[in-house]
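Okay, structure first, notes after.
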Amino acid sequence: FRNLLIVGTGRRARAFITQINHRREFGLKIVSVIDPDKSRVGETVCGHPVVGTLDDIPDILINTAIDNVIFIVPRSSLNDIEKHYGHSAS
């Protein structure tokens, strides 16, 4: 299995998570879910708890075996995410 960190909890993220949950033959396992919105922490999305925000990504990557980080957020959020990590949007 490839361990995934999912960033996002919206409609598209939930659809993706549901597919992964039901299609074990894909060889993917959702290990953690986070959301840019701090108010979502503690909620459960498709059976997976929202464990943190963008600020928690470094700690999750250090403390958990993650193979891929998948961002499933609205396009409008990508600029905010890039700014959060100090990169300029292009």
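The values are calculated or read from the model by the stated rules, or taken from the named source; none is laboratory data. Note that the coordinates shown come from a computational prediction; the quantities given were computed from them, not determined experimentally. Ideal geometry is used to build each Cβ from the backbone, glycine not excepted, and the neighbour counts take in all protein chains shown. For accessibility, only protein heavy atoms count, side chains too; no ligands or nucleic acids. Shrake-Rupley method; radii C 1.70, N 1.55, O 1.52, S 1.80 Å.
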Of everything in segment 50-74, what is open to solvent by less than 70 Å² (accessible area, probe 1.4 Å) and of a type outside the set (A, V, I, L, M, F, W, C)? Give them in sequence order. Gly52, Thr53, Asp56, Pro58, Thr64, Asn68
Please tell me if Ile20 is in a helix (DSSP H, G or I), of a type in the set (Val, Ile, Thr), modelled with pLDDT of 95 or more and surrounded by 15 or more Cβ atoms within 10 Å (Cβ to Cβ). yes
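Within segment 23-58, which residues are assigned to a strand (DSSP E or B) and of a type in the set (Lys, Arg)?
Of everything in segment 23-58, just one residue is assigned to a strand (DSSP E or B) and of a type in the set (Lys, Arg), namely Lys29.
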Filtering segment 23-36 down to residues that are charged (D, E, K, R) and surrounded by 12 or more Cβ atoms within 10 Å (Cβ to Cβ), which residue is nearest to the chain's Cα centre (by Cα)? Asp35
